[in-house]
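Trainee: The structure under discussion is supplied below as structure tokens; questions concerning it will follow.
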Amino acid sequence: GMSAESYYTSPSALAAYLLLHYGGESDHPMGDFLPNGATRFPSACVHQTFDRKLGKNASRALDLECAVGRSAFELSTFCDEVIGIDASSVFIEAANRLKRGDALVCEVPAQGVLTSPWKAVAPQTARRDRVAFEVGDAQALRRDLGTFDVVLLANLLCRLPDPRACLRQLPALVRPGGQLVITTPSTWREDYTPRAAWLGGYEDAQGPVRTLQGLHRALEPTFSLVKRLDLPLALREHERKYEVIIAEASVGRRAA
């Protein structure tokens, strides 16, 4: 297949991600066959994980690897300021156009060379003025981002060459008492991440190590696990073919 780099900048990836982020029920004619909620994953990453007790005081949020921006827009309904960062300038450009209020018209694959035109717009509930999008490297973030009440990493870690380098930055980014939401399908592959850098999916002297254990090792005692849940995601390839992923979500709280 394509390299990760070329896939994430292709028009087909942009259309698939825009559909995942902004599509409604009517945009998924076969949606009844998919796991419940799988076409609303970027929204669920916020609304199913977010602890409202902590949330009512949340003023700043960071969405790391925000893709085309839906989770960042959802965070804007709680938070005064949201920063969305992604490695793909194509995705960030799309997110910025939606922030400006533009409608993005794209062609969604139907069958063979047939496509159906479809229009993505930012959700009406979003407080678009509160959101800023920028291109950045999740393993080497700019030093002047400041601190956040909520940091979201959705399906990012198993696509990084060095996930621990990304995680090492988090204690400095999350305020005491703040929330860290990590979702991952744990698709560890050597073409993305050298085996020595995997957080899970391997054996050590003590036996099998899974990603959640690897996250514990990397983040405790700075963060404690508040809850764990499964969130389905369906990425459309064409009208009768979806890639279905069940991401494991964990919510951590920064020690006060």
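Trainee: Here are a few candidate values for volume of the Cα convex hull per residue in Å³: [x] 126; [y] 134; [z] 158. Which one was actually calculated from the structure I just gave you?
Mentor: [x]
Trainee: Hey, another quick one. Report ³J(HN,Hα) in whole Hz for each residue of the stretch 60-75, in order, from the Karplus equation J = 6.51 cos²θ - 1.76 cosθ + 1.60 where θ = phi - 60°; Gly and Pro get x.
Mentor: Karplus-based 3J(HN,Hα) across the stretch 60-75 equals 10, 9, 10, 10, 9, 6, 7, 6, 9, x, 4, 4, 4, 5, 5, 4 Hz.
Trainee: Still on this model: Say each of Arg210 and Arg168 gets a label point 7 Å from the Cα, pointing the same way as Cα to Cβ; how far apart are those two points in nm?
Mentor: With each label placed 7 Å out from Cα toward Cβ, I get 2.8 nm.
Trainee: For a test of understanding, tell me how many lysine pairs in the chain have Cα atoms under 24 Å apart, given they are 8 or more places apart or on different chains. Please report the intermediate quantities before stating the final value.
Mentor: On the way: Lys53/Lys227; Lys56/Lys99; Lys56/Lys227; Lys99/Lys119; Lys119/Lys241.
The result is 5.
Trainee: Over the stretch 116-256, with the other protein chains present, what is the accessible area per residue in square angstrom, probe 1.4 angstrom?
Mentor: Value for the stretch 116-256: 51 Å² per residue.
Trainee: Which residue, Arg127, Arg142, Arg159, has the most motion in a Gaussian network model of the chain that connects Cα atoms within less than 10 Å?
Mentor: Of Arg127, Arg142, Arg159, the most mobile in the Gaussian network model is Arg142.
Trainee: Tell me, what is the FRET efficiency for Arg195 and Thr125 to the nearest 0.05, using R0 = 30 angstrom and their Cβ-Cβ distance as r?
Mentor: Numbers: r = 43 Å, r/R0 = 1.42.
Efficiency, from the Cβ-Cβ distance: 0.10.
Trainee: Calculate, in nm to one decimal, what Glu203 and Ala256 gain on full extension: separation in residues at 0.36 nm each, minus their alpha carbon distance. If you can, show how the numbers build up before the last one.
Mentor: On the way: separation 53, 0.36 × 53 = 19.08 nm, distance 3.36 nm.
Additional length available on full extension: 15.7 nm.
Trainee: Another question, then. Name the residues of the stretch 90-130 whose amide N is less than 11 Å from a point 7 angstrom out from the Cα of Asp27 along the C-beta direction?
Mentor: Under 11 Å, as judged by backbone N against the label point of Asp27, lie 104-108, 118-123 of the stretch 90-130.
Trainee: Amide H to amide H under 5 Å from Val151: which residues, 5+ apart in sequence or cross-chain, H placed 1.01 Å off N in plane?
Mentor: Correct list: Leu62, Gln179, Leu180, Val181.
Trainee: For the chain, what does the relative contact order come out to in percent, with C-alpha contacts under 8 Å and a separation of six or more?
Mentor: Details: 503 pairs, mean separation 50.9, N = 256.
Relative contact order here is 20 percent.
Trainee: Sort out for me the Cα centre separation of the stretch 146-192 from the stretch 73-101, rounded to whole Å.
Mentor: The stretch 146-192 and the stretch 73-101 have Cα centres separated by 18 Å.
Trainee: Can you pull the one-decimal nm distance between simple spin-label points at Gln111 and Thr77, each 7 Å off the Cα toward Cβ?
Mentor: 3.6 nm
Trainee: Also: What number comes out for the charge environment of Gly84, summing +1 per Lys or Arg and -1 per Asp or Glu over other residues with Cβ under 10 Å away? Spell out each step's value before the answer.
Mentor: Values: positive: Arg70, Lys99; negative: Asp63, Glu65, Asp86, Glu134.
After counting each charged neighbour, the total is -2.
The values are calculated or read from the model by the stated rules, or taken from the named source; none is laboratory data. Everything numeric in this text was worked out from a predicted model, so none of it was measured. So basically every Cβ, Gly included, is an ideal-geometry build from the backbone, and we count neighbours across all protein chains shown. SASA here: full protein model, heavy atoms, side chains in, ligands and nucleic acids out. Shrake-Rupley method; radii C 1.70, N 1.55, O 1.52, S 1.80 Å.
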